[in-house]
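Asks: Have a look at the structure that comes next, please.
The values are calculated or read from the model by the stated rules, or taken from the named source; none is laboratory data. What you see is a predicted model; the values in this text were computed from it and never measured. Methodologically, a virtual Cβ is constructed for each residue, glycine included, from the backbone with ideal geometry; neighbour enumeration extends over all protein chains shown. The accessibility values were calculated without ligands, DNA or RNA, using every heavy atom of the protein model including side chains. Shrake-Rupley method; radii C 1.70, N 1.55, O 1.52, S 1.80 Å.
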Amino acid sequence: MSKYLVVVESPAKAKTINKFLGSNYVVKASMGHVRDLPKNEFGVDVENNFTPTYVTLKESAKAVKALKDAAAKAERVYLASDPDREGEAIGWHVAELLRPAKKSIERIVFNEITKRSVLEAAKHPRAIGENLVNAQQARRILDRLVGYRLSPLLQWSVRKGLSAGRVQSVAVRMVCDREAEIRAFVPVEYWTLDATMLTQRNDTFVARLNRIAGEKAQVGNEAEMQAILADLQGASYTVAEVERKEVRRRPYPPFITSTLQQEASRKLGFGPRKTMIVAQQLYEGVTLGDEGSVGLISYMRTDSTRLSQEALDEARQYIREKFEPAMLPEKPNIYASKRGAQDAHEAIRPTSVYRTPDSVRSHLDGDQFKLYALIWTRFLACQMAPAVLDQMTIDVTAKHYELRAVGSAVKFPGFTKLYEETVEDVNGDQPAPQPLPDVVKGETVSCRELKPEQHFTKPPSRYSEASLIRALEENGIGRPSTYAPTINTILERGYVEREKGRLKPTDLGEQVNALLLNHFPDILDLNFTAQMEADLDHVEEGRREWHDLLRAFYVPFTKEIAEAQRKMVGTLLEETPICPNCGAPMEMREGRYGVFIACHHYPKCKTTRRLERKTVEATDEKCDKCGAPMVIRSGRFGRFLACTTYPKCKNTHNLDKEGRKIVREPRPEPKMTDQKCPECGAFLVIRKSRRDEEFYGCKNYPKCKYTRPMELGLKCPRPGCTGNLAHKLAKRRRFIGCDRYPQCDFIVFGQLDKQTPCPKCGNSWTTVSKSRSGPAVRRCPAPACGYQREEENDSAEAASA
């Protein structure tokens, strides 16, 4: 019988750790979180010092039973969940569930899943970190307080199914604010002047107009530029100043969570969520042939750039062996972590630099290899010598004008031989880098060409996922474990969408943001949210009591909630809602059948009241089908115009952002066919669906609703199959499948595009599919091809036309 039970979060992590420990140990997975606040109840007793009620998650019941059975047979339990707040909380919840077994329960932590780290951690168990657990509890309860109180208001004011979050709402605000800046931006004209200079030794270089009469050159229009050109006619040009200096570029620091997500987005095109999923796989362990399961990187949720001495020594030894001596600096490169970073963790690095990307490539899938190579090269480069550049500046004068040329040349590549960071949003108006010739002060040069160019200032770019993470980090919003879930949440809930690789607020997102800004400015205030994150860090450090933190937040928050409810509900009911049984205020709640108001003292007092709002707005529009008045209603996709005689007349029109009616092009008349309806005997006609796809329908519609998909005229692409493809429907999902099913089970999802063949294999057609939050993806249906590519919006729209 095993003496020790070791509990981790996942089977992959359990598999890797199990091979390091002897037969006295058994390693079991909790399968993630085992307890949480209840889904259908508030779960926090605010009046009893914010006491939470935790319930065992249904999906964890099997894992919990296995843990309890294993704990009953063991002498001691070690909790080996991840080394952060979330991991500490998972360990604490497991400990609470195993408490009845009356076994010694201790915590072991390691930053990397290697034999040395795991065995060393097993020698030094400790008690569960109470402060870490309290910090996580405080965060979870804060999120519940905000989400549970705000979501009903959103659903009442905007539409069903919406939710608000403490960090996600701030992220949506940042995206909305950037969009507002772009809309408000007014381009300003300006001009640049580049002069091609010829030295006395027939060397050329380009200098840009830099100063006029000692002031920074600012040329606002063509007339001003023409005056300068006229003034420079026949002018003599003299080298006024030559400056040479050596510039050293330090290597980039090793990755932390935010910089890994940013660089993986820029270099690899990975979203933050994908980056963290792949990084988790590399951390928990990958099977490397005979070596078995091996953790390839250190823990990936960290904001510290600290590196262990062992990692530094190994990196320096590798550089010493594999590179020229000049690539190794005299001392290890040490990088300062940002203020407030948790230095108990290390930066993200390979567990052994001798496991090069090429040596493990055959054991990794494509995504794993790309991310591991990125982490490996960044880590190794951070311990290399700086790059050395010879930088030169030449100032040329002509009359009262000064032109400047700046150039640089690589003297020693240093770390750039291995790694260069990708830069976003480069200003294209800046002069291109150029090698500069040797000139001396006082030398006369001639001007071969003056090239004026018109420019306009550009609005700020929309956030990419990488730049939004950087902005969240710079403003102190969220922590390493929250960046990816935050962006994933705002995309999935339809508050933000991707457009050409950038994040753009949807109409819904802007509507929700405006509502929250109006009623809850503190919740969306960047400084307020950043201070809340700092306060949670103080709880973790033992400098702040977590109940006090919750109380300090909740008291003013309830006042804002009460005021918002008073405005919204009071306007409808023409009174402040008070419980008729106990006199307590009534507040909005979200139930199975929508939003209602309930007594604040629920469940002690179960008084509720149905809440109905005015959902119809009168308009001057007349129905273009029956002439009746039209009204504005709200549906799951927002506001729309509808006929007042519904359901007799079902005519509707969408509204644009300004509330104007969007006029649809009239549908073409159905095309007659000679085929008969099998249900009523009338002729079938060819109609078009909302997705612009043709189908057969009965001429007697709506009396007869028989329909049948059109023949696609396409052969099944599966080798050896002689079937034809047809539109099909199963489990309420449309797809294209082979008509020889079940002999052939070929299926493909997405919009059929017969106009665009596969550029890889030449197949005559492709499909385009789009999720609600992701970009459109074009795919080849040929089983042996595997081609796929993200589409721009206009391409996707063309496919559906």
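Asks: Against the condition surrounded by 15 or more Cβ atoms within 10 Å (Cβ to Cβ), closer than 25 Å to Arg85 by Cα, modelled with pLDDT of 95 or more and not basic (Lys, Arg), how does Ile375 come out, does it pass?
Replies: Working: surrounded by 15 or more Cβ atoms within 10 Å (Cβ to Cβ): yes; closer than 25 Å to Arg85 by Cα: yes; modelled with pLDDT of 95 or more: yes; not basic (Lys, Arg): yes.
Judged against the criteria, Ile375 is a match.
Asks: Considering every residue within region 114-129, establish whether at least one is in contact with a helix residue (DSSP H, G or I) (Cβ under 8 Å, 6 or more places away or on another chain), under 23 Å from Ala484 (Cβ atoms) and of a type outside the set (S, T, N, Q).
Replies: For region 114-129, residues in contact with a helix residue (DSSP H, G or I) (Cβ under 8 Å, 6 or more places away or on another chain), under 23 Å from Ala484 (Cβ atoms) and of a type outside the set (S, T, N, Q): absent.
Asks: Additional query: Out of Asp367, Asp438, Asp395, report the one residue that is more than 27 Å from Glu243 (Cβ to Cβ) and charged (D, E, K, R). Even if it seems obvious, please write down each step before you answer.
Replies: Numbers: Asp438 fails: more than 27 Å from Glu243 (Cβ to Cβ); Asp395 fails: more than 27 Å from Glu243 (Cβ to Cβ).
Sole residue among the options that is more than 27 Å from Glu243 (Cβ to Cβ) and charged (D, E, K, R): Asp367.
Asks: If you go through region 88-104 one residue at a time, do you hit one that is open to solvent by 10 Å² or more (accessible area, probe 1.4 Å), of a type in the set (S, T, N, Q) and within 18 Å of Leu5 (Cα to Cα)?
Replies: yes
Asks: Can you find a residue that is farther than 21 Å from Asp84 by Cα, at pLDDT 90 or above and open to solvent by 60 Å² or more (accessible area, probe 1.4 Å) anywhere in region 25-43?
Replies: No, region 25-43 contains no residue that is farther than 21 Å from Asp84 by Cα, at pLDDT 90 or above and open to solvent by 60 Å² or more (accessible area, probe 1.4 Å).
Asks: Still on this model: Just give me the residues in region 690-709 being open to solvent by 30 Å² or more (accessible area, probe 1.4 Å) and within 17 Å of Leu752 (Cβ to Cβ), in sequence order.
Replies: Our first condition is that a residue be open to solvent by 30 Å² or more (accessible area, probe 1.4 Å); within region 690-709, this holds for 690-692, 694-695, 699-703, 705-709.
Arg690, Arg691, Asp692, Glu694, Phe695, Arg708, Pro709, listed by residue number.
Asks: Right, Glu41: of a type in the set (Asp, Glu) and in contact with a Ser or Thr (Cβ under 8 Å, 6 or more places away or on another chain) or not?
Replies: Taking the combined requirement at face value, the residue satisfies it.
Asks: Sticking with this structure for a sec: Note down all Cβ pairs under 7 Å where the first residue falls in region 558-570 and is assigned to a helix (DSSP H, G or I), the second is hydroxyl-bearing (Ser, Thr, Tyr) and modelled with pLDDT under 80, and they're at least six residues apart or on different chains.
Replies: That search, which allows pairs on different chains as well, returns Arg566/Thr576; Met568/Ser157; Gly570/Thr576.
Asks: Let me ask another. Among the candidates Pro666, Pro678, single out the residue that is at pLDDT below 80 and closer than 29 Å to Gln751 by Cβ.
Replies: On the way: Pro678 fails: at pLDDT below 80.
Of Pro666, Pro678, the one residue that is at pLDDT below 80 and closer than 29 Å to Gln751 by Cβ is Pro666.
Asks: Say we look at region 731-763 and pick out the residues that are of a type in the set (S, T, N, Q) and exposed (fewer than 13 other Cβ atoms within 10 Å of the Cβ); which of these is farthest from the chain's Cα centre (by Cα)? Explain how you work it out, then say what you get.
Replies: Looking only at region 731-763, we keep the residues that are of a type in the set (S, T, N, Q), and these are 743, 751, 755-756, 763.
Filter again for exposed (fewer than 13 other Cβ atoms within 10 Å of the Cβ), leaving 743, 755.
Details: Gln743: 42, Gln755: 33 Å.
Once the filter is applied, the top-ranked residue is Gln743.
Asks: Let me ask you something else. Within region 429-436, is there a residue that is out of contact with any Cys (no Cβ under 6 Å at 6 or more places or on another chain) and modelled with pLDDT of 90 or more? So that I can check it myself, show each step before the final result.
Replies: The initial filter retains those residues of region 429-436 that are out of contact with any Cys (no Cβ under 6 Å at 6 or more places or on another chain), namely 429-436.
Filter again for modelled with pLDDT of 90 or more, leaving 436.
The answer is yes, given that some residue of region 429-436 is out of contact with any Cys (no Cβ under 6 Å at 6 or more places or on another chain) and modelled with pLDDT of 90 or more.
Asks: Asn134 versus (1) in contact (Cβ under 8 Å) with a residue 24 or more places away in the chain; (2) under 25 Å from Thr489 (Cβ atoms); (3) surrounded by fewer than 23 Cβ atoms within 10 Å (Cβ to Cβ): which is the lone unmet condition?
Replies: (3)
Asks: Can you pull out the residues in region 244-298 that are small (Gly, Ala, Ser), over 23 Å from the mean Cα position of the chain (by Cα) and closer than 20 Å to Leu380 by Cα?
Replies: Answer for region 244-298, where residues must be small (Gly, Ala, Ser), over 23 Å from the mean Cα position of the chain (by Cα) and closer than 20 Å to Leu380 by Cα: just Gly295.
Table: residues versus (1) out of contact with any Cys (no Cβ under 8 Å at 6 or more places or on another chain); (2) farther than 18 Å from Glu473 by Cα.
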| position | (1), (2) |
| --- | --- |
| Glu291 | yes, yes |
| Met300 | yes, no |
| Asp303 | yes, no |
| Glu321 | yes, yes |
| Leu328 | yes, yes |
| Asn333 | no, yes |
| Ser337 | yes, no |
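Asks: Shifting gears a bit: Given (1) open to solvent by less than 30 Å² (accessible area, probe 1.4 Å); (2) over 22 Å from Thr275 (Cα atoms); (3) not charged (D, E, K, R), where does Phe528 come up short, assuming only one miss?
Replies: (1)
Asks: If Arg85 passes every condition in (1) surrounded by fewer than 21 Cβ atoms within 10 Å (Cβ to Cβ); (2) among the basic types (Lys, Arg); (3) touching a residue at least 24 places away in the same chain (Cβ under 8 Å) but one, which one does it miss?
Replies: (1)
Asks: Here's a follow-up. From Trp191, Trp156, grab the single residue that is modelled with pLDDT of 95 or more, open to solvent by 20 Å² or more (accessible area, probe 1.4 Å) and more than 24 Å from the chain's Cα centre (by Cα).
Replies: Trp191
Asks: Still on this model: Output the residues belonging to region 353-374 that are touching a Lys or Arg at 6+ places or on another chain (Cβ under 7 Å) and touching a residue at least 24 places away in the same chain (Cβ under 8 Å).
Replies: Filtering region 353-374 down to residues touching a Lys or Arg at 6+ places or on another chain (Cβ under 7 Å) leaves 369, 374.
Leu374, the sole residue that qualifies.
Asks: Please report, ordered by residue number, the strands (runs of 3 or more DSSP E) entirely within region 425-520 with at least 3 residues that are open to solvent by less than 50 Å² (accessible area, probe 1.4 Å).
Replies: Details: elements: 444-456, 496-499, 502-505.
Those strands (runs of 3 or more DSSP E) span 444-456, 502-505.
Asks: Looking only at residues that are under 23 Å from Arg76 (Cα atoms) and in contact (Cβ under 8 Å) with a residue 12 or more places away in the chain in region 44-61, which one is least open to solvent (accessible area, probe 1.4 Å)?
Replies: So the first thing to find is which residues in region 44-61 are under 23 Å from Arg76 (Cα atoms), and the list is 56, 60-61.
Right, trim to in contact (Cβ under 8 Å) with a residue 12 or more places away in the chain and you get 56, 60.
On the way: Thr56: 64, Ser60: 2 Å².
Within region 44-61, the match that is least open to solvent (accessible area, probe 1.4 Å) is Ser60.
Asks: State which residue pairs qualify: first residue farther than 19 Å from Val278 by Cβ and inside region 10-38, second residue among the basic types (Lys, Arg) and open to solvent by less than 20 Å² (accessible area, probe 1.4 Å) in any location, beta carbons under 9 Å apart, and separation of 6 or more residues or different chains.
Replies: Close Cβ pairs satisfying both conditions: Val27/Lys13; Ala29/Lys13.
Asks: Among the numbered criteria (1) among the hydrophobic types (A, V, I, L, M, F, W, C); (2) touching a residue at least 60 places away in the same chain (Cβ under 8 Å); (3) under 19 Å from Thr16 (Cβ atoms), which single criterion is violated by Val77?
Replies: Every condition holds for Val77 apart from (3).
Asks: Go through Arg173, Arg166, Arg149 for me and flag whichever is open to solvent by 10 Å² or more (accessible area, probe 1.4 Å), assigned to a helix (DSSP H, G or I), under 23 Å from Leu37 (Cβ atoms) and of a type outside the set (Phe, Trp, Tyr). Even if it seems obvious, please write down each step before you answer.
Replies: Details: Arg173 fails: under 23 Å from Leu37 (Cβ atoms); Arg166 fails: assigned to a helix (DSSP H, G or I).
Every option except Arg149 fails the conditions.
Asks: Please go through region 703-719 and give me each residue that is over 30 Å from Gly786 (Cα atoms), basic (Lys, Arg) and either in contact with a helix residue (DSSP H, G or I) (Cβ under 6 Å, 6 or more places away or on another chain) or outside any loop (DSSP other than H, G, I, E, B) (or both), ordered by number.
Replies: Arg708
Asks: Being in a loop (DSSP other than H, G, I, E, B) and open to solvent by 10 Å² or more (accessible area, probe 1.4 Å) is the filter; apply it to region 304-326 and report the residue that is nearest to Thr356 (Cα to Cα).
Replies: So, considering only residues that are in a loop (DSSP other than H, G, I, E, B) and open to solvent by 10 Å² or more (accessible area, probe 1.4 Å), the one nearest to Thr356 (Cα to Cα) is Phe323.
Asks: Sticking with this one: Within region 220-229, is there a residue that is on the phi > 0 side of the Ramachandran plot, part of a loop (DSSP other than H, G, I, E, B) and either exposed (fewer than 13 other Cβ atoms within 10 Å of the Cβ) or of a type in the set (A, V, I, L, M) (or both)?
Replies: no
Asks: Determine if region 252-264 includes at least one residue that is in contact (Cβ under 8 Å) with a residue 60 or more places away in the chain, surrounded by fewer than 18 Cβ atoms within 10 Å (Cβ to Cβ), not in a loop (DSSP other than H, G, I, E, B) and not β-branched (Val, Ile, Thr).
Replies: The answer is no, given that none of the residues of region 252-264 is in contact (Cβ under 8 Å) with a residue 60 or more places away in the chain, surrounded by fewer than 18 Cβ atoms within 10 Å (Cβ to Cβ), not in a loop (DSSP other than H, G, I, E, B) and not β-branched (Val, Ile, Thr).
Asks: Another question, if that's okay. Can you tell me which residue within region 378-411, out of those that are of a type in the set (Gly, Ala, Ser) and either open to solvent by less than 10 Å² (accessible area, probe 1.4 Å) or in contact with a helix residue (DSSP H, G or I) (Cβ under 6 Å, 6 or more places away or on another chain) (or both), is farthest from Val206 (Cα to Cα)?
Replies: Across region 378-411, the extreme among qualifying residues is Ala381.
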